[in-house]
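The values are calculated or read from the model by the stated rules, or taken from the named source; none is laboratory data. As the structure is a computational prediction, the values presented were derived from the model and not from experiment. Here the Cβ positions follow ideal geometry from the backbone for every residue, glycine too, while neighbour counts run over all protein chains shown. Protein only, heavy atoms only, side chains kept; ligands, DNA and RNA dropped before computing areas. Shrake-Rupley method; radii C 1.70, N 1.55, O 1.52, S 1.80 Å.
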Amino acid sequence: MTPDFIRQALRQVRYPGFSRDIISFGLVKEVTCEPGLTTVRIEVQTGDPTVPEQIFKDCHAVLETLPDVGTVQVDIEVKDAPAVTGLAGSVGKSSIPGVQRIIAVASGKGGVGKSTVASNLAVALAAGGARVGLCDCDLYGPSVAQMFGTRENPQANAQDEIIPIRAHGIQLMSMGFLLDERSPVVVRGPMATRYIQQFLRQVAWRDLDYLVLDLPPGTGDIQLTIVQTVAVDGAIIVTTPQEVALIDARKAVTMFGKVNVPILGLIENMAWFECDAGKKYFIFGEGGGVREAEHLQVALLGQIPIDVATRQGGDAGTPVALLEPGQNPVSAAFHEVAARLRAAVPC
Ligand SMILES: Nc1ncnc2c1ncn2[C@@H]1O[C@H](COP(=O)(O)OP(=O)(O)OP(=O)(O)O)[C@@H](O)[C@H]1O
Ligand SMILES: [Mg+2]
């Protein structure tokens, strides 16, 4: 038996709640194989005691099926979680210089409207007087350039930081500014996490009250990298009322729970469609988000209907929340969500 063989086997052990394994995330610090004894030393940063327990159990389960391992000893050293802030009034703030609060917009399932919510929320927060940045953390499917109607290439400043692009008063960073529209992103796991760290730490975010993170769907590497590298003040989970989306929303809630990021609440998007005659059609089912928020004991921050102006605004680079709330019900809904958010996470 060799340490390499053991490491290979430990790739089957996932970080609880995530799709990434403990080897690729660098948690396994040392493996030794002596006759009759295999020792694994793991370091994990978390405030949740169930995380090391689960890793411990999973490591034993995997290693004990191997031949010639002898006694298996798994030592887990738990380090304090990175300074993650809680809700209103808590101590400690975002760990990105120039940024007071970091809000992640996430979902389990793709295509439920995260980028639409993140863009409109950014604009609505700014309309309330806050200084806002929006970081598109979806490297493989960036949307922010399109949704803000700009494809400017960012420049570097004298400190070699990337200067964010500005549109509609928001500081923006997205992979969409670095590549032309037709180029697919061809970066693999470790490179992707490096890009994300650059987006968060080597962009000259200036005097921001809120930095909104538009996350890719799911619970993968990028999400884990973000929560491990910066202190996210809270996460907003976007879902449609449909069961398939709600199942994944639950997973996202669990994931943030595992890394001690407070859930600020759910947003039920595409909640209904209202026709000209005022009749509501519940295309993806009625009340799924309301029930789920109750079930998960988190706030329902808002319900956003399916709306033509919202889709058009996204495609045209003018988020619907730029409209006066009185002019459009979806703009009004986003302004309400922004007000709730300011109350939950004040600057
Ligand atoms: N409330 C809404 N009314 C009408 N169209 C909407 C609404 N919300 C989102 N859309 C449209 O649905 C599509 C998907 O939305 P969006 O890109 O925001 O989802 P996403 O969750 O960010 O997707 P991905 O998982 O691919 O990142 C977009 O074309 C968007 O314009
Ligand atoms: Mg998106």
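Observations
- Inter-label distance, nm, simple model (7 Å from Cα along the C-beta direction), GLN8/CYS347: 5.2 nm
- Pairwise Cα separations in region 185-253 fall into 10 Å bins from 0 onward with the following percentages, short to long: 16, 46, 30, 8, 0.
- Within region 96-197, trypsin sites (Lys or Arg not before Pro) in DSSP loop having at most 10 other beta-carbon neighbours inside 10 Å: ARG182, ARG188
- Derived scalar couplings ³J(HN,Hα) [region 337-347; Karplus, 6.51 cos²θ - 1.76 cosθ + 1.60; whole Hz; x for Gly, Pro]: 4, 4, 5, 5, 5, 4, 5, 6, 10, x, 9
- Only Lys, Arg (+1) and Asp, Glu (-1) charged, at Cβ; the chain dipole about Cα centre in debye: 340 debye
- Extension gain from TYR140 to GLU243, taking 0.36 nm per residue of separation minus the Cα-Cα distance: 34.5 nm
- Share of carbon and sulfur in the accessible heavy-atom surface of the chain [1.4 Å probe, %]: 51 percent
- Region 265-291 residues near the modelled ARG250 label - backbone nitrogen below 15 Å, point 7 Å along Cα→Cβ: 288-291
- Full-extension gain in nm, GLU324 to SER183, via 0.36 nm per residue minus C-alpha separation: 47.1 nm
- Taking THR2, THR65, THR229 and ordering them by how much accessible surface each has at a 1.4 Å probe, largest first, produces THR65, THR2, THR229.
- Probing with 1.4 Å while keeping every protein chain in the model, the per residue accessible area of the chain equals 44 Å².
- Loop sites in region 232-320: trypsin sites (Lys or Arg not before Pro), DSSP, at most 16 other Cβ within 10 Å: LYS279
- Those residues of region 242-258 whose amide nitrogen sits under 18 Å from the label point placed on VAL78, 7 Å along Cα→Cβ: 255-258
- Of the three principal axes defined by the Cα atoms of the chain, the extents in descending order read 76, 52, 43 Å.
- Dipole magnitude (debye, nearest 20) for region 220-347, charges at Cβ of Lys, Arg, Asp, Glu: 260 debye
- Within the chain, DSSP assigns beta bridges of which about 25% are antiparallel (rounded to the nearest 5).
- Report summary: the helix-based calculation at 222 nm, which adds -39500 (n - 2.57) for every DSSP H run with n ≥ 4 and divides by the residues of the chain, gives -10000 deg cm²/dmol.
- Gyration tensor (alpha-carbon) shape descriptor, region 208-329, a/c threshold 1.5: oblate
- Angle between the chain longest axis and helix 114-127 axis [Cα atoms, degrees, rounded to 10]: 60 degrees
- Estimated inter-spin distance, PHE282 and THR50, nm [label 7 Å along Cα→Cβ]: 3.0 nm
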